Each structure stands twice: as C-alpha cells, then as structure tokens.
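A short reminder: the numbers here are calculations on the coordinates, not readings from a lab. Since we're looking at a predicted model, the values are computed, not measured. Counting neighbours? That spans all protein chains shown, and the Cβs are built from the backbone with ideal geometry, glycine included.
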C-alpha cells in the first residue's frame with residue numbers, strides 16, 4: 001500500500017515536471033544571444049512614464065504609459081472606461097488596439113517574435129506586450145511595456161504592475177511572452193513609422209484611424225506611409241479619401257490622380273477621381289474618369305456605374321446649356 | 001399565435017428599416033467615394049459586400065450585448081463597439097468570455113490553487129481528509 005502511494009506521488013511529480021518543462025525552450029532568446037543581427041545588443045527607450053497599476057488595471061496602465069510616450073497625456077483612470085472589462089477583471093487585446101485609435105494614435109501589432117521586438121526597441125519604440133505569467137492551462141494574463149533590452153546581459157526591463165523597472169532574464173520573458181503568441185503592440189504618433197512596418201498591416205492600421213474620424217492624424221500617417229511605399233495604391237487612395245472627407249478637394253484630386261497614373265488598372269482610383277472632379281465642377285473630365293472606371297469593371301462595377309450616372313445627370317443639364325449656342 | 005405573428009412581422013419590419021437606413025447612410029454620407037477599407041480588404045464589395053455588411057451589423061449587436069453583460073458602462077458601450085473594426089468584431093463575437101483578458105488577476109487564485117494542490121496531495125498521502133472524492137485506503 002505504501003508502495004502504491006509513493007507511485008502516485010511520483011506520478012504527480014512527473015506530471016508537474018513535464019508541465020513546467022514543456023515550455024522551457026527559448027529558441028528566439030538563444031538565437032538573439034548567438035547573433036547580433038537583430039540590431040544593437042542594448043536598446044533603451046526613454047520618455048516612457050510610469051503609472052503604478054491598480055488592481056487588475058495593467059491594461060489601462062500600460063496603455064497610458066505608451067500613449068503618454070507618443071504624446072497623448074492620459075492617465076490609466078481615463079483609459080479604464082475605454083478598455084476594462086469588469087467581469088473579466090482584465091482588458092481584451094482588441095479593445096487595447098481600439099483605445100489607441102480612439103486616442104488618435106496608430107496601433108500597430110508587430111510580427112510575433114523576439115526579432116521584431118528587438119528591432120522596435122532599437123528604433124526607440126516602446127512595445128506593449130501581453131504575457132501569460134501563469135501556465136498555459138492556468139493563465140495569468142498581464143500587460144506590460146518593454147522599455148529596455150540588453151541581449152548581452154540577458155536582461156529585459158519592463159514597466160509592469162507596481163514596478164517602474166521590472167528586470168527579467170530574457171529567457172524567462174520569452175517563455176511568458178510565447179504563451180500569448182508573442183503579442184506586441186506599438187502606439188505611434190502618425191509621423192513615425194514602425195521599424196518593422198509592413199505595407200498592408202500599416203495601412204490597415206491607418207485606415208482604422210481614418211474610419212474613426214481622426215482625419216488630420218490619418219492624413220499625416222498616409223503621408224508617412226507614402227514616403228516609405230510611394231507606389232502604394234491603398235496609401236494614395238487613403239490620402240485622397242482623407243482629404244475628400246476634410247473637404248480638401250484639390251488635395252484629394254491630386255492623390256487620386258497619382259493613384260490612377262501609377263495604377264491605370266484601378267477602377268477605384270478613377271471612380272474616386274471622377275467623383276472629386278464632379279464635386280469641383282469639372283464635369284467633362286469627371287465623365288472621362290468615370291467612363292474609364294466603368295470600362296475597367298470588376299466587383300465594384302455597380303458603384304462605378306452609379307458614379308457615372310450621378311455625373312451624367314449633371315452633364316445632361318450642362319450639355320443642353322452647351323447646345324443652346326448651336327441653335328442660334 | 002396572433003401575438004407571435006405580430007411580433008415577428010414588427011421585428012422583420014424593424015430589421016428591413018435598419019438595413020434600408022444603413023444603405024441610405026452609406027450612399028449619402030460619401031457620395032460615390034470608395035472607402036480605404038475596401039481597397040485594403042481582400043473581398044471586395046458588391047453582392048457579397050451587402051451580405052458582409054448585414055453580418056457585421058449583427059455581430060456588432062452581439063459584441064455590444066456581451067460587453068454589457070461583462071459589466072461595461074452602458075454610456076460607454078456604443079463608443080467602445082464603434083471603435084472596433086469589422087475584423088475585430090468578427091473575432092470577438094461570441095468569444096469575449098474566452099479570449100485572453102490581461103489583468104494580472106491570478107495571484108489570489110494562484111494561492112488558492114496551490115493550497116488546493118497541497119491539500120489534495122496530503123489527502124492522497126493520507127495525512128488529511130479534506131476532499132471526500134479522494135479515495136481513502138484502509139491502513
């Protein structure tokens with residue numbers, strides 16, 4: 001009997017050891033230690049304030065730190081109603097992202113992994129991360145802000161909970177971070193591109209800010225994106241749409257024209273150009289652009305035809321006016 | 001039966017009205033300018049666009065309901081839902097109670113878990129008798 005109980009104890013020990021060691025590998029940290037191709041070995045971000053976290057409020061606290069760094073002066077208490085879920089005693093990733101946009105900043109989720117994190121830190125951008133301080137089957141989700149990484153000293157520093165400078169071995173951090181799928185969020189002013197920016201994800205992030213009506217910031221961000229990707233169709237259309245929404249028709253026309261010139265097969269570019277020209281009163285040129293969009297067709301063809309119909313409704317009047325001299 | 005029919009017909013009338021209003025809203029708000037989101041989305045508008053719009057509309061309602069049930073202030077909930085993109089709404093709908101919510105709430109529970117494990121272990125070893133589901137061996 002005693003023998004059997006010992007076997008149970010041994011089994012418990014074995015299971016515990018297996019569970020704990022199951023996530024013990026840290027390949028990315030090992031790679032970072034082995035090479036310096038991720039940039040400089042020490043990266044430090046300055047200008048990130050510290051807000052000690054109230055109970056369960058690590059989401060609002062981390063956001064306030066990152067937003068303040070980006071130039072938006074807010075406190076965790078102000079952000080709490082934007083992200084905190086009382087019954088979950090925490091904040092969802094999606095709402096963290098949404099709150100950044102509400103505060104007119106670009107929310108960019110980095111490509112999962114230590115290389116992106118190191119690159120962003122090296123570029124001077126703090127990163128809000130989600131880590132699981134517990135185990136995969138007993139999660140303790142926690143937001144913190146990475147402000148310092150020293151690969152040589154094997155140390156990462158975070159604004160976390162009650163600690164202004166929580167230092168953690170890189171390997172331990174990787175383990176806790178891996179359980180969130182390496183989720184990292186940048187909170188950037190519109191004139192600052194992520195070091196690891198990719199065209200589509202970045203423009204999607206800007207379009208979401210545009211959709212919330214932060215037009216001035218969206219316009220700056222589209223300019224920022226176009227500096228990096230001058231041929232981006234979505235970038236030009238986004239800039240045009242933002243200008244159009246701001247009733248700056250000349251700016252909109254210019255952007256759509258660049259889009260149409262560089263992407264002559266884009267019906268959207270011609271459609272939006274046509275609408276803008278019509279609004280400016282250039283009906284002949286508007287008709288030409290709208291005809292071009294209709295000719296290009298595609299899944300948006302019904303909208304293109306509507307645009308054309310809207311313009312010809314005006315030109316009908318104009319052409320009758322034009323005909324009058326002929327009858328003289 | 002009459003009541004039921006009346007209820008369903010008024011609900012469907014309301015829904016039709018909603019959808020029509022959405023259509024008008026989209027059409028009038030921005031002349032015929034095609035939005036940046038459309039350029040970036042892989043599935044372009046058209047027939048499927050209408051269906052996607054209806055789906056997004058319903059999912060948004062669901063997320064709103066879930067957020068309210070999670071204790072979000074009713075005066076805040078509209079702005080919170082509106083701040084989400086359609087893709088985010090699709091991600092959240094029906095999953096808000098399961099997705100990670102960063103809050104570092106574990107400490108208290110974690111201590112509870114450890115106490116439970118210790119007592120379970122001592123129960124199994126025969127030192128304590130806290131849990132009736134642990135089979136006791138006559139010794």
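Key figures for this structure:
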quantity	calculated
Shielding by partners - mean other protein chain Cβ count within 10 Å, residues of A:93-101	5
Sequence of A:229, A:137, A:69 once ranked by neighbouring C-beta atoms within 10 Å, starting from the fewest	A:137, A:229, A:69
Cα-projected label distance for residue A:138 with residue A:54, points at 7 Å along beta-carbon direction, nm	2.9
Computed FRET value (nearest 0.05) for residue B:97 with residue A:305, which takes r as the C-beta separation and R₀ as 41 Å	0.35
Cut-off 20 Å, label 7 Å out along Cα→Cβ of residue A:123, residues of the stretch A:207-232 by amide N	A:207-210, A:217-232
C-alpha long axis of helix A:93-102 to longest principal axis of chain A, angle in °	50
Over chain A: helical MRE at 222 nm, DSSP H runs n ≥ 4 each giving -39500 (n - 2.57), nearest 500	-18000 deg cm²/dmol
On Cα atoms only, tilt of A:215-228 relative to the major axis of chain A in degrees	80
Between 0 and 90°, nearest 10: helix A:2-21 axis offset from chain A longest Cα axis	40
Among A:294, A:147, A:48: highest mean-square fluctuation, GNM of chain A, C-alpha pairs under 10 Å	A:294
Average Cα contact separation per residue, the stretch A:8-188, under 8 Å, 6 or more apart, as relative contact order %	28
Per-residue mean of C-beta atoms belonging to partner chains within 10 Å, peptide B:77-88	5
Pairwise label distance in nanometres, residue A:46 with residue A:284, each label 7 Å out on the Cα-Cβ vector	6.1
Approximate spin-label separation residue B:114-residue B:87, in nm, with each point projected 7 Å along Cα-to-Cβ	4.1
Estimated FRET transfer efficiency (residue A:247, residue A:30; beta-carbon r; R0 60 Å; 0.05)	0.60
Descending principal axes extents, the stretch A:199-323, alpha-carbon based, whole Å	49, 27, 22
At R0 = 30 Å, FRET efficiency that the Cβ-Cβ distance of residue B:122 and residue A:165 yields, to 0.05	0.15
Shape parameters for the stretch A:8-188, alpha-carbon atoms, Rg then Dmax in Å	16.7, 58
Partner chain coverage, peptide A:56-64 - average Cβ within 10 angstrom	2
Fraction of antiparallel bridges per DSSP, the stretch A:8-188 only, in percent to nearest 5	100
